[in-house]
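The values are calculated or read from the model by the stated rules, or taken from the named source; none is laboratory data. Please read all numbers here as calculations on a predicted model, not as lab measurements. Methodologically, a virtual Cβ is constructed for each residue, glycine included, from the backbone with ideal geometry; neighbour enumeration extends over all protein chains shown.
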């Protein structure tokens, strides 16, 4: 290689690294039932087998992996996100298949996943680029109820070093659903909020300027009691202390497209909630913006109601071959 070509190559490589180091993306995505085709006798995964009512075949499974990988890469605007939070994944196997997908394989994603007690076997998980985020601690935080039969997803806590300079703690959430009615199940989401709040208070009590990202499908909207009162996640304009939790999704309810649609009504269930210091920090990375990723390929016409809706994988037991019933969300960090 000539000296001239070497200098050009070095310049391009340095420019890419420098640009990447200035902008890091975190993505959260409810992937809607990412199951493999194998029967796990420990959980109720019978719907997702080749001979089940859904006829969940290896071909459909690989289509689902391809589509999920496409969303992750596109949500990163062509550059694989530094951190990806996922929910509705069945197990470690589907995560390993996902990160080996040709669209993602070159980024060598690491996986953090712990089996939860959810009866259907769906869990939360975190993918990370080891060249940019180095975890040093993680644990599952269970939701403890007085009901001995209550089982749901744990909250996943992961702490790591971002770009060799910032300690960042991430919580991946998938709170109890509204199945059975919003009011009838409200107490379960309040319990989840209490659990997350306790974990955040402990971190902020040890280090008031800790940088925290809580992301997930909360199955409640920003103004609901669980988030606005129990967790006390404030709108950005109302935060005034480094230990405040700030809901970067607080205003999304006014948008024409939100993260989930039910009976013709858009809802903001998928959210980013961060410590105030991640917004106002004068050192290292800080939150720059958060938004819903609603590329055209993720949507389809809502023929029953109006406008558009997420192009999902399933409608009941009917296979649609889409992406998910939720839209992904993106948090941009700037250095």
**Study point:** In segment 33-86, the residues that are farther than 30 Å from residue 133 by Cβ, in contact (Cβ under 8 Å) with a residue 24 or more places away in the chain and in a helix (DSSP H, G or I)
**Key:** 60
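Residue-by-condition table, conditions (1) touching a helix residue (DSSP H, G or I) at 6+ places or on another chain (Cβ under 6 Å); (2) at pLDDT 95 or above; (3) surrounded by fewer than 20 Cβ atoms within 10 Å (Cβ to Cβ); (4) under 18 Å from residue 29 (Cα atoms):
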| position | (1), (2), (3), (4) |
| --- | --- |
| 198 | no, yes, yes, no |
| 216 | no, yes, no, yes |
| 229 | no, yes, yes, no |
| 258 | yes, yes, no, yes |
Practice item. Give me the pairs, please: first residue somewhere in segment 218-229 and more than 19 Å from residue 87 (Cα to Cα), second residue anywhere and in a helix (DSSP H, G or I), beta-carbon distance under 6 Å, and either six or more positions apart or on two chains. Key: 226/189; 226/190; 226/193
Point to revise | All positions within segment 87-112 that are assigned to a loop (DSSP other than H, G, I, E, B), in contact with a helix residue (DSSP H, G or I) (Cβ under 6 Å, 6 or more places away or on another chain) and under 23 Å from residue 157 (Cβ atoms) | key: 109
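List the strands (runs of 3 or more DSSP E) inside segment 228-331, counting only whole elements, that have at least 2 residues being within 28 Å of residue 58 (Cα to Cα).
Working: elements: 245-247, 260-262, 265-267, 270-275, 286-292, 299-301, 308-310.
Hits in segment 228-331: 299-301, 308-310.
Identify, please: which residue in segment 29-42 is touching a strand residue (DSSP E or B) at 6+ places or on another chain (Cβ under 9 Å) and over 15 Å from residue 73 (Cβ atoms) and is, among those, surrounded by the fewest Cβ atoms within 10 Å (Cβ to Cβ)? I'd like the intermediate steps shown before the answer.
Let us first name the residues in segment 29-42 that are touching a strand residue (DSSP E or B) at 6+ places or on another chain (Cβ under 9 Å), namely 29-35.
Of the ones still in play, those that are also over 15 Å from residue 73 (Cβ atoms) are 30, 32-35.
Details: 30: 28, 32: 19, 33: 21, 34: 27, 35: 25.
Result: 32.
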**Study point:** Per-region count, segment 118-142, residues surrounded by fewer than 22 Cβ atoms within 10 Å (Cβ to Cβ) and more than 27 Å from residue 49 (Cα to Cα)
**Key:** 13
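Yes or no, residue by residue, for (1) within 22 Å of residue 235 (Cβ to Cβ); (2) modelled with pLDDT under 95; (3) crowded, with 23+ Cβ neighbours inside 10 Å:
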{"residue": "254", "(1), (2), (3)": "yes, no, no"}
{"residue": "270", "(1), (2), (3)": "yes, no, yes"}
{"residue": "275", "(1), (2), (3)": "yes, no, yes"}
{"residue": "289", "(1), (2), (3)": "yes, no, no"}
{"residue": "307", "(1), (2), (3)": "no, no, no"}
{"residue": "311", "(1), (2), (3)": "no, no, no"}
{"residue": "317", "(1), (2), (3)": "no, yes, no"}
{"residue": "321", "(1), (2), (3)": "no, no, no"}
Check your understanding: Which one of these does residue 118 not meet: (1) farther than 25 Å from residue 202 by Cβ; (2) part of a loop (DSSP other than H, G, I, E, B)?
Key -> (1)
Study note, to complete from the structure: Scanning segment 87-123 for residues that are modelled with pLDDT of 95 or more and at positive phi gives 88, 108
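In segment 179-196, which residues are in contact with a helix residue (DSSP H, G or I) (Cβ under 8 Å, 6 or more places away or on another chain), free of Cβ contacts under 8 Å to residues at least 40 places away in the same chain and surrounded by 14 or more Cβ atoms within 10 Å (Cβ to Cβ)? Spell out the reasoning first.
Our first condition is that a residue be in contact with a helix residue (DSSP H, G or I) (Cβ under 8 Å, 6 or more places away or on another chain); within segment 179-196, this holds for 179, 186, 189-190, 192-194.
In the following step, the residues that additionally are free of Cβ contacts under 8 Å to residues at least 40 places away in the same chain were identified as 179, 189, 193-194.
Answer for segment 179-196, where residues must be in contact with a helix residue (DSSP H, G or I) (Cβ under 8 Å, 6 or more places away or on another chain), free of Cβ contacts under 8 Å to residues at least 40 places away in the same chain and surrounded by 14 or more Cβ atoms within 10 Å (Cβ to Cβ): 189, 193, 194.
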Revision key, fill the gap. Output for Cβ contacts, cut-off 8 Å, separation at least six or different chains, first residue free of Cβ contacts under 8 Å to residues at least 24 places away in the same chain in segment 268-290, second part of a loop (DSSP other than H, G, I, E, B) and surrounded by fewer than 24 Cβ atoms within 10 Å (Cβ to Cβ), reads none
